[in-house]
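First comes the structure, then the notes that go with it.
Since every read-out is calculated from the coordinates, none of them should be taken as a lab result. A quick note: this is a predicted structure, and the numbers were derived from the prediction, not measured. When we count neighbours, we look across all protein chains shown, and the Cβ atoms used for this are built from the backbone with ideal geometry, even at glycine.
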Amino acid sequence: MQVSFACTDHGLKAPRNGEHSKQNATSPNTASKARARFRTVALIARSLSTFTHRYHHNLKESTAKLTGMKYRNLGKSGLRVSCLGLGTWVTFGGQISDEVAEQLMTIAYESGVNLFDTAEVYSGGKAEIILGNIIKKKCWRRSSLVITTKLYWGGKAETERGLNRKHIIEGLKGSLQRMQLDYVDVVFANRPDSNTPMEEIVRAMTHVINQGMSMYWGTSRWSAMEIMEAYSVARQFNLIPPVCEQAEYHFFQRDKVETQLPELYHKIGVGVVSWSPLACGIITGKYENGVPETSRASMKPYQWLKEKVTSEDGRKQQAKLKELTPIAEKLSCTLPQLAIAWCLRNEGVSSVLLGSSNPTQLTENLGAILVIPKMTPGIATEVDHILGNRPHSKKDYQH
């Protein structure tokens, strides 16, 4: 069997000038280097055909009897994660108090959530501190939790950011100290790093796993070609490949998760942990009549969100949401619950990260678990018809 990463077949194009860094864009050898890198990935990918057979088996979803929470494998790894996870971006150490953060984690944990995600950059490290304090206070068994963090932006110094070996090792040590943990379950590369060779990144990730600092590693906001390159390097040098990609996925952001990442899932076992299922609150309907003073879009650092909400596209999105409301009513759920369950209809999505600022909101969003069985192909088709933005791909995997 051939790995079908002929690269041109699935939109896996070499980075265009200027897509990563200005430094690369101005280099006279950028185009030739990109082409050489692209050819290398394609050649290695074709040589990996013997590795793909192991992934052609179905991984079963399970449901907890007490909570009703559903669990899936993280990609094609053996790690079982709750279909819904709790993220800490913006909220922990920023938008909400430590007391509310504890309430949210308690509600999530008691509802069967085992996946809790953070990053070294969130609130300058405060999010990790708060997360660790809560875990310690609640005395939850470490073995019952899946804790993930992300590395890239660790500090202001030149050596405190990026995916070089120094920062991956020192950055993860810093995260573990802040969370008062011996290890994380997954460490993510929080964005690509064009200044660091891929082999160095994969070797450093393999090192922290071998040292017991993390169980697995993954990527966040990487292109399909970059993920494939990491996998190819891992197989070439007998290193550990990534198991999942964190990607934005919601009604209005579909292309990457639905056209590029399914190939990675089926061929090399890389799954998806999706974030922002409610499009930073846009899908909740809170912005239907403008920007509320207590909303995220009203905060100074999120001026970009306010502009997005009040733009012409933002108004069109609100109109689409009104059209989707009858479908939610037919399924006896709220629009946010429909949106979250819609994300989980995709077999390649292992978990959806929720970002909530209050207990009521989190409880509502966790209710999406009950909507998943109602997301039939017919309902998905109705949603697609209203949205009118289903990406075109040459292969239609199960959605």
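For this structure, a couple of remarks:
- Stretching Lys138 away from His392 to a fully extended chain increases their span by 86.8 nm, per 0.36 nm per residue minus the current alpha-carbon distance.
- More than 16 angstrom apart: percent of Cα pairs within the range 191-256: 47 percent
- Simple spin-label estimate for Asn358 and Ala64 in nanometres, 7 Å along Cα-Cβ: 2.5 nm
- Among the trypsin sites (Lys or Arg not before Pro) within the range 191-266, not one is in coil by DSSP while having at most 16 neighbouring Cβ atoms inside 10 Å.
- Sites Thr159 and Asn238 - FRET efficiency at Förster radius 41 Å, r taken between beta-carbons, to 0.05: 0.90
- The distance between label points at Lys322 and Ala380 comes to 2.9 nm (points 7 Å beyond Cα on the Cα→Cβ vector).
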